[in-house]
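Chemist: Just passing along the structure, written as structure tokens.
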Amino acid sequence: MESSGRLKFGLFVAPFHPVGENPTLAYERDLDLVQTLDRLGFDEVWFGERHSCGWETIPAPDLMIAAAAMRTQRLMLGAAVVSLPFHHPFDVAERFAFLDHLTHGRVMLGVGPGALPADAHLYGVPYEKQSAMMNEGLEMILRLYRSQEPVTHSGTYFKLRDARLQIRPLQSPHLPIGVACGGGINGFIQAGKHGIWPISAGMFSSEGLPNLKKRWAILERAAESAGRTPSRADWRLSIPIHLAESRAQALDEIRAGANKWIRDYYCAALGASFLFQERPDQPIDELSIDHLVERGTVIVGTPQDAIAAIEQLIEHSGGFGALLAMANDWASPTATAHSYELLARYVMPHFQGTLAGPQAAYDYALQHGAELLRQSVSSAAKVSRDAEAPIDSRPPQAEKHPEPEK
């Protein structure tokens, strides 16, 4: 396995909120969680873009980033992802460059073709053209960020004339850019070709984990063809995570919410039951979070369970740079916040090298502490005995004579 250095941890906020809840309060809950993660030392948070189906309710990730930036101090904040077929690339490039200044260099831009067929339908975008539109839009954004000269482009889907950004990104050479890498290979090809970050989600599907190494190999070939050397430290993987003091408690806290997410959203609204079924005729009421936990495509349990699962994920993938927990809103806000606290206290340090020093010091104390304490107590006792001894029993002191005057 190739080492990717210090593993970063973050959050992917699609978000997922059950239909029937007050959306204003749901947004506030998302922002409260982001604020908590900023305090706990997480590295980054990404917000999605959706326009339909009722469960994923952020239509403008850049506005969510702006709101989150006002409540946080250090988190990097990204869009995962802006669906490029629905926006002109110049608008995307300009808005995120502007946002980079407003956040003092804490912005990341993720792009994608748009994952929900219902979104493409309402925009009137043909499904078969989404990837091509994303590829063209991405190239235009990169030209606007990477070129100092005006950009003119007359493509199949978008056009520009003598276009330049009045305000260029604050980060140099430009803000980080990633691309969605779902079940297909186009995202990996674009990441390798352009030297940008791959962002992988949806690993709870039956094909998610086993294909990670194959997908990275596709990225490497695309990068080699473009004369680039990819870094696994750029790769973001997203997976549902919920932790508690015991595996049973963790499952109890999320079971109702997670099963509703599987059955009411993915299976009923999206028609994506195939992601969870082991056979085509398997009834929806058999699909449960317990099954996903057994399959190992979500992380639910104790901090030690999470450590083992992440190590397995590193083995499956060959190494990556950041793990993004999916904000699924399965549990109560209190249980959710506690889960991320456990992740920050016990799991993140394991993969970030911050436990080595205290552990080494403790191991040394276990081996030598008793002897060092015995020596210290013995020495202190001797000093005490010497101080309490009668004056006539003390060793004579050499008599001092004044020095003669010169």
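The values are calculated or read from the model by the stated rules, or taken from the named source; none is laboratory data. The structure displayed is predicted, hence computed values, not measured ones. When we count neighbours, we look across all protein chains shown, and the Cβ atoms used for this are built from the backbone with ideal geometry, even at glycine.
Chemist: Any residue at all in region 274-283 that's under 30 Å from Tyr346 (Cα atoms) and part of a helix (DSSP H, G or I)?
Modeler: Checking region 274-283: not a single residue is under 30 Å from Tyr346 (Cα atoms) and part of a helix (DSSP H, G or I).
Chemist: Another question about this same structure. Go through region 60-158 and tell me which strands (runs of 3 or more DSSP E), entirely inside it, have 3 or more residues that are of a type outside the set (Gly, Ala, Ser) and over 20 Å from Pro198 (Cα atoms).
Modeler: Working: elements: 76-83, 107-112, 151-154.
Answer list for region 60-158: 151-154.
Chemist: Sticking with this one: Please go through region 6-59 and pick out each residue that is crowded, with 20+ Cβ neighbours inside 10 Å, assigned to a loop (DSSP other than H, G, I, E, B) and touching an Asp or Glu at 6+ places or on another chain (Cβ under 7 Å).
Modeler: Scanning region 6-59 gives Ala14, Pro15, Phe16, His17, Gly48, Arg50, Ile58.
Chemist: Is it true that some residue in region 206-217 is of a type in the set (D, E, K, R) and in contact (Cβ under 8 Å) with a residue 60 or more places away in the chain? Steps first, answer last, please.
Modeler: Restricting attention to region 206-217, the residues satisfying the condition of being of a type in the set (D, E, K, R) are 207, 213-215.
Narrowing further to those that are in contact (Cβ under 8 Å) with a residue 60 or more places away in the chain: 213.
Yes, the conditions are met somewhere in region 206-217.
Chemist: Checking the conditions here, which among Ala327, Ala309 is free of Cβ contacts under 8 Å to residues at least 24 places away in the same chain, closer than 30 Å to Ala26 by Cα and of a type in the set (A, V, I, L, M)?
Modeler: On the way: Ala327 fails: free of Cβ contacts under 8 Å to residues at least 24 places away in the same chain.
Criteria check complete, one pass: Ala309.
Chemist: Just to be sure before I move on: is Ala250 in contact with a strand residue (DSSP E or B) (Cβ under 7 Å, 6 or more places away or on another chain), at pLDDT 95 or above, among the small types (Gly, Ala, Ser) and surrounded by 21 or more Cβ atoms within 10 Å (Cβ to Cβ) in the structure I sent?
Modeler: Numbers: in contact with a strand residue (DSSP E or B) (Cβ under 7 Å, 6 or more places away or on another chain): yes; at pLDDT 95 or above: yes; among the small types (Gly, Ala, Ser): yes; surrounded by 21 or more Cβ atoms within 10 Å (Cβ to Cβ): yes.
The answer is yes for Ala250.
Chemist: Let me ask you something else. So for region 159-166 (the condition being under 25 Å from Asp234 (Cβ atoms) and in contact (Cβ under 8 Å) with a residue 24 or more places away in the chain), does at least one residue qualify? Break it down into steps so the answer makes sense when it comes.
Modeler: So in region 159-166, the residues under 25 Å from Asp234 (Cβ atoms) come out as 165.
Still in the list and also in contact (Cβ under 8 Å) with a residue 24 or more places away in the chain: 165.
Taking every residue of region 159-166 in turn, at least one turns out to be under 25 Å from Asp234 (Cβ atoms) and in contact (Cβ under 8 Å) with a residue 24 or more places away in the chain.
Chemist: Answer yes or no: is there a residue in region 161-170 that is surrounded by fewer than 18 Cβ atoms within 10 Å (Cβ to Cβ), in a loop (DSSP other than H, G, I, E, B), modelled with pLDDT of 95 or more and of a type in the set (Asp, Glu).
Modeler: No - not one qualifying residue is present in region 161-170.
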